[in-house]
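These notes are about the structure you will find just below.
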Amino acid sequence: MSVKASEPAITQKGTDPAQNERDTTIQVVEFVLGNEHFAIDLFDVKEVVEYTTITKLPNVPPYVRGIIDLRGEITMIVDLKHRLNIIEESTKSLESSRIIVLDEKITKSKIGILVDDVTSVSTFEGNQVDYTSASISHEDTAIIGIIKRKVKVKEKEINELIIWINIKKLLEDVDTSM
């Protein structure tokens with residue numbers, strides 16, 4: 001993969017900025033936390049694995065769920081719902097949740113994030129992303145933008161909103177807190 005870890009997974013085709021916004025494509029992994037849809041850059045993800053028993057660690061921040069043995073390698077698990085202060089409970093059991101293992105190039109160590117469900121890998125056009133909405137939130141939330149996707153619900157077409165987050169920024173203090 002040739003995308004730098006600090007940059008979103010974006011492909012630009014031209015040199016005109018107005019044209020670039022229309023021609024830009026992003027690739028993301030979509031997942032659910034509580035009742036909300038989120039996305040992170042595809043190139044920040046190494047793999048998605050099923051939930052497995054997590055060994056709890058003493059004296060770690062509350063959002064660090066613990067560690068797992070992933071094919072012989074110890075991987076720290078961060079509860080993303082807890083990290084983002086999402087209090088909505090999932091209707092699914094913990095055993096049906098997923099772990100998104102992040103690329104070590106962005107995390108500098110073996111880290112996985114615990115999410116309620118992974119829904120898809122998707123490609124969106126640049127004009128489907130609202131970058132100005134991210135400025136509404138606090139600077140430290142690491143929101144890149146809001147992706148708008150049209151979906152049909154009972155014969156009506158509505159915009160589904162997906163919160164696109166910068167996982168590297170969100171987890172940059174995890175290594176220093178251990």
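Remarks
- Cross-chain or 6+ apart pairs with Cβ under 6 Å, the range 120-139 first and of a type in the set (S, T, Y) and assigned to a strand (DSSP E or B), then modelled with pLDDT of 90 or more and surrounded by 15 or more Cβ atoms within 10 Å (Cβ to Cβ): S120/E30; S122/V28; S122/E30; T123/Q27
- Within the range 103-118, residues that are open to solvent by 40 Å² or more (accessible area, probe 1.4 Å) have Cβ atoms under 7 Å from residues that are modelled with pLDDT under 90 and among the aliphatic types (A, V, I, L, M) in these pairs: K105/A5, counting only partners at least 6 apart in sequence or on another chain.
- The selection criterion, being open to solvent by less than 70 Å² (accessible area, probe 1.4 Å), touching a residue at least 40 places away in the same chain (Cβ under 8 Å) and either among the aliphatic types (A, V, I, L, M) or at positive phi (or both), does not hold for L161.
- If only residues of the range 66-92 that are of a type outside the set (D, E), within 17 Å of the chain's Cα centre (by Cα) and not in a loop (DSSP other than H, G, I, E, B) are counted, the one that is surrounded by the fewest Cβ atoms within 10 Å (Cβ to Cβ) is H82.
The values are calculated or read from the model by the stated rules, or taken from the named source; none is laboratory data. These numbers were taken from a predicted model, which means no experiment stands behind them. Every residue, glycine among them, receives a Cβ derived from its backbone with ideal geometry; neighbour counts consider all protein chains shown. Ligands, DNA and RNA are excluded from the accessible area calculation, which covers all protein heavy atoms including side chains. Shrake-Rupley method; radii C 1.70, N 1.55, O 1.52, S 1.80 Å.
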